[in-house]
Each structure stands twice: as structure tokens, then as C-alpha cells.
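The values are calculated or read from the model by the stated rules, or taken from the named source; none is laboratory data. All of these numbers come straight from a predicted model, not from anything done at the bench. When we count neighbours, we look across all protein chains shown, and the Cβ atoms used for this are built from the backbone with ideal geometry, even at glycine. We work out accessible area using only protein heavy atoms, side chains counted, and drop any ligands, DNA or RNA first. Shrake-Rupley method; radii C 1.70, N 1.55, O 1.52, S 1.80 Å.
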Amino acid sequence: MNKYQNIVVLTGAGISAESGLATFRSSNGLWNNHRVEDVATIEAFQRNPAYVHDFYNELKPEILKSQPNSAHLSLTRLQHESSAKVSIITQNVDTLHEKAGSENIYHIHGQINQSVCLNCGYILESWNDINTETICPQCQTCGMMKPNIVFFGEALLYMDKVEKLLRNCDLFLSVGTSGVVFPTASFVQTAKYYGADTYEFNLEITSNNLFFDHHIVGKAGETLPNFVDNLLKKREN
Ligand code: APR
């Protein structure tokens, strides 16, 4: 464990699957029931903002009541019990890492409980429905609130920080992501280039497997806690 001082964990929808939240590309995934073009692009929002608001509003109650699983909790344990700096880069818009007590979390795709005012940039935190009638608390403009979700074609959030984390990490863990969306799918390549040991935790070996040194196949709720236990044990020896 002492070997690693800067650990970066990239998480995707798969880490939240055992908390009951749908992933995107599985057989009953979100993208099987909704077209990306209708709910996850800036054109869709400009074309039909009410429909896009409804999509994200409908996800909120289930996400709000979901609880972190042992995979989320194992990352919190790693942060609290190891001497390493552990940063979490998540593609997930749920708040399960926060509910698990983790820190240093970077939501590069935004958060479901946030909306942003397209007029003044104010970020409104709320689990209530947001719609085309919502008034911005800061500039009082009506109808300019957008879900603070990064749509396809929009820039990811926190990318300056992410670049620095990837260049300085000595251990890179990818947990529950299919690795098909770029530039996120290339994070492992950057980490590897700068010398990190790289692990993929997934139900299967994904197509994005060139730069992973290790593939730990199984449910993250089982494999990640085991991995963290072993990492912390090595610290004690
Ligand atoms: N344990 C580990 N991995 C799991 C588990 C589990 N219990 N359940 C599912 N997985 C894996 C699947 O095998 C799959 O590879 O999680 C991955 C989920 O892949 P996606 O559904 O594509 O989700 P994700 O990789 O997070 O998508 C990335 O794409 O559409 C955009 O914005 C969306 O953030 C999302 C991004």
C-alpha cells in the first residue's frame, strides 16, 4: 500500500448497479428506453426542453432514495485508512459516492440534483422537479434553468483537474464503466503513459482493454472491497 501515494478511481454506472440504479448500455439500460438524441444532447434541450426536464426529473426520486453499496463504501474506507491521496472521478450523476462519505469527488458529467442557469451560470441544488417555468434564484430569469448534466457534445467538467490527477497517479482503478465514451475512455491511457498501475473492475473484460494491466471480473460490490482489503493489508505488512 505504501507503494501507492496517488490513487485515481474512475467510476461509471456499473458501480451504482448494485444500488438498484440502471446503467446505460445493458439490455434494460437507459439508452434502450430513450434515444440519446432526444434527452442527452444540447440540440434535444433546445428543441424540447420540457421533454428533457421530464427525463431527468423522473430519475430523481429513485436516485434520491438509493443507497451506496459496498463498492462505494470500500472507496470511502480506502480514503480514510490509507496514506495515499484517493481521488474519485465519476461519470455518474447520482450522489452515491457522497452518501458513502467519500471526498475528492469530481462529477465530470454533472449531477442530477443540480441545474444551471443559462443566463447567469448559477448552480441550483435541488431534488425537486426543474422545468421551463423554474425561476433562477440569482438572476430571477424564468425558463433558463438546464439540468446540470453534461450533454453529448458538451465539454466535460473539471478536466484541468482531471488531467493533473491522471499525470500524477501511480494507481488507476476503473470501476463499472463500459469505456466507450471518449475522452473518458482514454483516461487509462494517460495514467498508464505516466506510469500508473491500471486495473479494470467490471462484469466482463471491456473492449477498452489495451491499457489495463489487470482485469478483475465480477460484481464491483464484491471485487472492489476485496481489492481494498488486500491493499490495506499490504500497508500493514
Ligand atoms: N459491477 C461491475 N461492473 C458492472 C456492474 C457491477 N455490478 N454492473 C454493470 N457493470 C458494468 C457493465 O458491464 C458495463 O461495462 O458497468 C458498465 C456500465 O456501462 P454503461 O452502461 O455504458 O455506463 P457508463 O460506462 O457509465 O457510461 C458512460 O455514457 O451515456 C453516457 O453519460 C453517460 O456517464 C455515462 C457514460
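Can you work out which of the residues in the stretch 147-170 that are buried (at least 20 other Cβ atoms within 10 Å of the Cβ) and within 16 Å of the ligand (Cβ to nearest atom) is nearest to ALA185 (Cα to Cα)? Filtering the stretch 147-170 for residues that are buried (at least 20 other Cβ atoms within 10 Å of the Cβ) and within 16 Å of the ligand (Cβ to nearest atom), the one nearest to ALA185 (Cα to Cα) comes out as VAL162.
Looking across the stretch 66-95, just one residue is acidic (Asp, Glu) and either surrounded by fewer than 24 Cβ atoms within 10 Å (Cβ to Cβ) or part of a helix (DSSP H, G or I) (or both), and that is GLU81.
Evaluate the stretch 138-146: report whether one residue or more is closer than 17 Å to LEU10 by Cα and out of contact with any strand residue (DSSP E or B) (no Cβ under 7 Å at 6 or more places or on another chain). Spell out the reasoning first.
The initial filter retains those residues of the stretch 138-146 that are closer than 17 Å to LEU10 by Cα, namely none.
No: the stretch 138-146 contains no residue that is closer than 17 Å to LEU10 by Cα and out of contact with any strand residue (DSSP E or B) (no Cβ under 7 Å at 6 or more places or on another chain).
Just to be sure before I move on: is ARG47 modelled with pLDDT under 95, within 22 Å of GLY176 (Cα to Cα), surrounded by fewer than 18 Cβ atoms within 10 Å (Cβ to Cβ) and not hydroxyl-bearing (Ser, Thr, Tyr) in the structure I sent?
Details: modelled with pLDDT under 95: yes; within 22 Å of GLY176 (Cα to Cα): no; surrounded by fewer than 18 Cβ atoms within 10 Å (Cβ to Cβ): yes; not hydroxyl-bearing (Ser, Thr, Tyr): yes.
Taking the combined requirement at face value, the residue does not satisfy it.
For first residues located in the stretch 120-146 and closer than 14 Å to ALA50 by Cα, partners that are among the β-branched types (Val, Ile, Thr) and lie 6+ apart or on another chain with Cβ distances below 6 Å form the pairs CYS142/ILE135; GLY143/THR132; MET145/ILE130; MET145/THR134; LYS146/VAL116. The residue of the stretch 18-44 that is nearest to the ligand (Cβ to nearest atom), among those that are more than 20 Å from GLN111 (Cα to Cα) and of a type in the set (Gly, Ala, Ser), is SER26. Of the candidates ILE15, ILE63, ILE112, the single residue that is open to solvent by less than 60 Å² (accessible area, probe 1.4 Å), assigned to a strand (DSSP E or B) and within 16 Å of the ligand (Cβ to nearest atom) is ILE112.
I'm trying to understand the selection: among the residues of the stretch 202-237, which are surrounded by 14 or more Cβ atoms within 10 Å (Cβ to Cβ), among the basic types (Lys, Arg) and more than 9 Å from the ligand (Cβ to nearest atom)? Residue satisfying the conditions is ARG235 alone.
Residue-by-condition table, conditions (1) open to solvent by 20 Å² or more (accessible area, probe 1.4 Å); (2) of a type outside the set (Asp, Glu); (3) over 20 Å from the mean Cα position of the chain (by Cα); (4) not assigned by TED's automatic domain parsing to the domain that holds GLU37:
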{"residue": "CYS136", "(1), (2), (3), (4)": "no, yes, yes, no"}
{"residue": "PHE172", "(1), (2), (3), (4)": "no, yes, no, yes"}
{"residue": "SER178", "(1), (2), (3), (4)": "yes, yes, no, yes"}
{"residue": "PRO183", "(1), (2), (3), (4)": "yes, yes, no, yes"}
{"residue": "TYR194", "(1), (2), (3), (4)": "yes, yes, yes, yes"}
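Restricting attention to the stretch 198-226, the residues that are more than 24 Å from GLY29 (Cβ to Cβ) and in contact (Cβ under 8 Å) with a residue 40 or more places away in the chain add up to 1.
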